[in-house]
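**Q** I have a structure here, written as structure tokens, and I will follow up with some questions on it.
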Amino acid sequence: MQKQMRPHPQKRTRAEARAAGWKDPLQPQQPLVSGKWLLSALGIVVALAAICAYGTLCLLFYQGSWQLIFHPSRTVSRHPNIPYQEIQFDYTETGNPQLTGWWIPAAPDAHYSGSTILYLHDGSGSLSDTIARVESLHTLGINVFAFDYRGFGRSDDLHPSESSMNQDADAALAYLISTRHLPAHSFVIYGIGLGAPIAVSIAARHPQTAALILENVSPNASTLFAADTRTRILPVRLLTSDRFDATKTLKTLPTPKLFLDLAGSPQTQEAFTSASAPKQVFQIGPEDQARYLQTMRRFLDELPHQP
């Protein structure tokens, strides 16, 4: 009888070996990843990267949005060519002044010596850039108090905002009332550019003030942000509290108001249209100093409680 030969284990076929439980070390131990899974994973990675990039962009805007509105200078290189006093006020608990301003007094026998203009500049430069205007106001024979917000000129170092500007304007009014002992009804709040909506806010919080003058009203913050195309993909209103929009307040503000358009600003006309009476508006050429002063005198003379 012929003896049946058994195949040598090493010569088994791979199929027979696998059937017997043998595993090929060169064969993947787990099923291969599908192409669909890879595409899904790649999509998730790209989406997370996009979210991180967008979040970073939002953070950068949140931290630097003030630079799109304000253009401060820390230098006060020029001073008025009229008698004035440099004032430091709004002291902290440690005795450091936060704000610096100029008190420009009228002559004792001047026509409006019993009134004071609180001048709120436009959030650009420093007090040095207000000299031409405050000297013009001084020629009216009225007291003028102008100051630098924090972040400007010699005032305290701070990234300015609408909120900080309102706080600084309140501090200036408090200084005039508590330190100089001037009656609130003798104040005329004068705001130019970005200072205009701040002046409206001050007049609303202090209804006893005599009058409100708004020159070349600035566009609101949304319009200023939109001028930079990089902000159009951002939720700007969620990332900043700056609005600089006085339209709603003007609708119900009873304070006598004078709107001066010296730069062909449509925002000034829009603000005038939205404002409640009493109100006046004048378009004056930027170099027409005589008409500017004439308009100011007429408005001041018409105030009901002119001291």
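**Q** Open to solvent by less than 10 Å² (accessible area, probe 1.4 Å), hydroxyl-bearing (Ser, Thr, Tyr) and on the phi < 0 side of the Ramachandran plot - does that describe any residue in segment 147-161?
**A** Within segment 147-161 (the criterion being open to solvent by less than 10 Å² (accessible area, probe 1.4 Å), hydroxyl-bearing (Ser, Thr, Tyr) and on the phi < 0 side of the Ramachandran plot), the answer is yes, since at least one residue qualifies.
**Q** Do the conditions hold for ILE192, that is, is it β-branched (Val, Ile, Thr) and either closer than 21 Å to SER128 by Cα or open to solvent by 30 Å² or more (accessible area, probe 1.4 Å) (or both)?
**A** Numbers: β-branched (Val, Ile, Thr): yes; either closer than 21 Å to SER128 by Cα or open to solvent by 30 Å² or more (accessible area, probe 1.4 Å) (or both): yes.
For ILE192, the condition - β-branched (Val, Ile, Thr) and either closer than 21 Å to SER128 by Cα or open to solvent by 30 Å² or more (accessible area, probe 1.4 Å) (or both) - is met.
**Q** In segment 241-256, how many residues are surrounded by fewer than 21 Cβ atoms within 10 Å (Cβ to Cβ) and within 25 Å of TYR54 (Cβ to Cβ)?
**A** 2
**Q** Scan segment 127-152 and report the pairs whose first residue is over 17 Å from PHE89 (Cβ atoms) and among the small types (Gly, Ala, Ser) and whose second residue is open to solvent by 10 Å² or more (accessible area, probe 1.4 Å) and assigned to a helix (DSSP H, G or I), with Cβ atoms within less than 9 Å and a gap of 6+ or a chain change.
**A** If the second residue must be open to solvent by 10 Å² or more (accessible area, probe 1.4 Å) and assigned to a helix (DSSP H, G or I), the pairs left are SER136/GLN289; SER136/LEU293.
**Q** Please list, ordered by residue number, the helices (runs of 4 or more DSSP H) wholly in segment 221-307 having 2 or more residues that are modelled with pLDDT of 95 or more.
**A** Of the helices (runs of 4 or more DSSP H) lying wholly inside segment 221-307, those with at least 2 residues that are modelled with pLDDT of 95 or more span 247-250, 266-274, 289-302.
**Q** Are there any pairs, at least 6 apart or on different chains, whose C-beta atoms fall under 8 Å, with the first in segment 59-70 and under 15 Å from SER163 (Cα atoms) and modelled with pLDDT of 85 or more and the second surrounded by 13 or more Cβ atoms within 10 Å (Cβ to Cβ) and of a type in the set (Val, Ile, Thr), and if so, which?
**A** If the second residue must be surrounded by 13 or more Cβ atoms within 10 Å (Cβ to Cβ) and of a type in the set (Val, Ile, Thr), the pairs left are SER65/VAL236; SER65/THR240.
**Q** Answer yes or no: is there a residue in segment 166-173 that is in contact with a strand residue (DSSP E or B) (Cβ under 8 Å, 6 or more places away or on another chain), among the small types (Gly, Ala, Ser), assigned to a loop (DSSP other than H, G, I, E, B) and open to solvent by less than 10 Å² (accessible area, probe 1.4 Å). I'd like the intermediate steps shown before the answer.
**A** Quick first cut of segment 166-173, residues in contact with a strand residue (DSSP E or B) (Cβ under 8 Å, 6 or more places away or on another chain) only: 168-169, 171-173.
With the extra rule that they be among the small types (Gly, Ala, Ser), the set shrinks to 169, 171-172.
Narrowing further to those that are assigned to a loop (DSSP other than H, G, I, E, B): none.
No, because not a single residue in segment 166-173 is in contact with a strand residue (DSSP E or B) (Cβ under 8 Å, 6 or more places away or on another chain), among the small types (Gly, Ala, Ser), assigned to a loop (DSSP other than H, G, I, E, B) and open to solvent by less than 10 Å² (accessible area, probe 1.4 Å).
**Q** Here's another thing I want to ask about it. Return yes or no: is ALA277 of a type in the set (A, V, I, L, M, F, W, C), without any contact (Cβ under 8 Å) to a residue 60 or more places away in the chain, over 28 Å from PRO160 (Cα atoms) and loosely packed, with under 15 Cβ neighbours inside 10 Å?
**A** yes
**Q** Sticking with this structure for a sec: Answer yes or no as to whether THR116 is in contact (Cβ under 8 Å) with a residue 60 or more places away in the chain and in a strand (DSSP E or B).
**A** Working: in contact (Cβ under 8 Å) with a residue 60 or more places away in the chain: yes; in a strand (DSSP E or B): yes.
Yes; evaluated as a whole, the condition is true for this residue.
**Q** Further question: Can you tell me how many residues in segment 174-215 are out of contact with any Gly (no Cβ under 9 Å at 6 or more places or on another chain) and in a strand (DSSP E or B)?
**A** 7
**Q** Residues of segment 63-120 being within 24 Å of PRO183 (Cα to Cα), polar (S, T, N, Q) and open to solvent by 50 Å² or more (accessible area, probe 1.4 Å), which ones? Walk me through it before giving the result.
**A** In the first step, residues of segment 63-120 are kept if they are within 24 Å of PRO183 (Cα to Cα); the result is 83-91, 97-120.
Next cut, polar (S, T, N, Q) only: 85, 88, 98, 100, 113, 115-116.
Correct list: GLN85, GLN88.
**Q** Give the residue that is surrounded by the fewest Cβ atoms within 10 Å (Cβ to Cβ), with candidates limited to residues of segment 200-226 that are more than 17 Å from GLN269 (Cα to Cα), touching a residue at least 60 places away in the same chain (Cβ under 8 Å) and among the aliphatic types (A, V, I, L, M). Full working, then the answer.
**A** Initially, segment 200-226 is screened for residues more than 17 Å from GLN269 (Cα to Cα), giving 201-211, 221-222, 224-226.
Filter once more, so that each one left must be touching a residue at least 60 places away in the same chain (Cβ under 8 Å): 202, 210-211, 221, 224-225.
From what is left, the residues that are among the aliphatic types (A, V, I, L, M) are 202, 210-211, 221, 224.
Numbers: ILE202: 24, ALA210: 22, ALA211: 24, ALA221: 22, LEU224: 18.
Of everything passing the filter in segment 200-226, LEU224 is surrounded by the fewest Cβ atoms within 10 Å (Cβ to Cβ).
**Q** Across segment 174-189, which residue is farthest from HIS111 (Cα to Cα) among those that are open to solvent by less than 30 Å² (accessible area, probe 1.4 Å) and either within 16 Å of the chain's Cα centre (by Cα) or not polar (S, T, N, Q) (or both)? It would help to see each step written out before you state the result.
**A** Of all residues in segment 174-189, those open to solvent by less than 30 Å² (accessible area, probe 1.4 Å) come to 175-176, 184, 186-189.
Filter once more, keeping what is either within 16 Å of the chain's Cα centre (by Cα) or not polar (S, T, N, Q) (or both): 175-176, 184, 187-189.
On the way: TYR175: 24, LEU176: 20, ALA184: 19, PHE187: 15, VAL188: 15, ILE189: 18 Å.
Out of the qualifying residues, it is TYR175.
The values are calculated or read from the model by the stated rules, or taken from the named source; none is laboratory data. Treat the numbers as computed from the prediction; the structure is a model and nothing was measured. FYI the Cβ positions are ideal-geometry reconstructions off the backbone, even for glycines, and counts take in every protein chain you see. All accessible areas refer to the heavy atoms of the entire protein, side chains included, with ligands and DNA or RNA removed. Shrake-Rupley method; radii C 1.70, N 1.55, O 1.52, S 1.80 Å.
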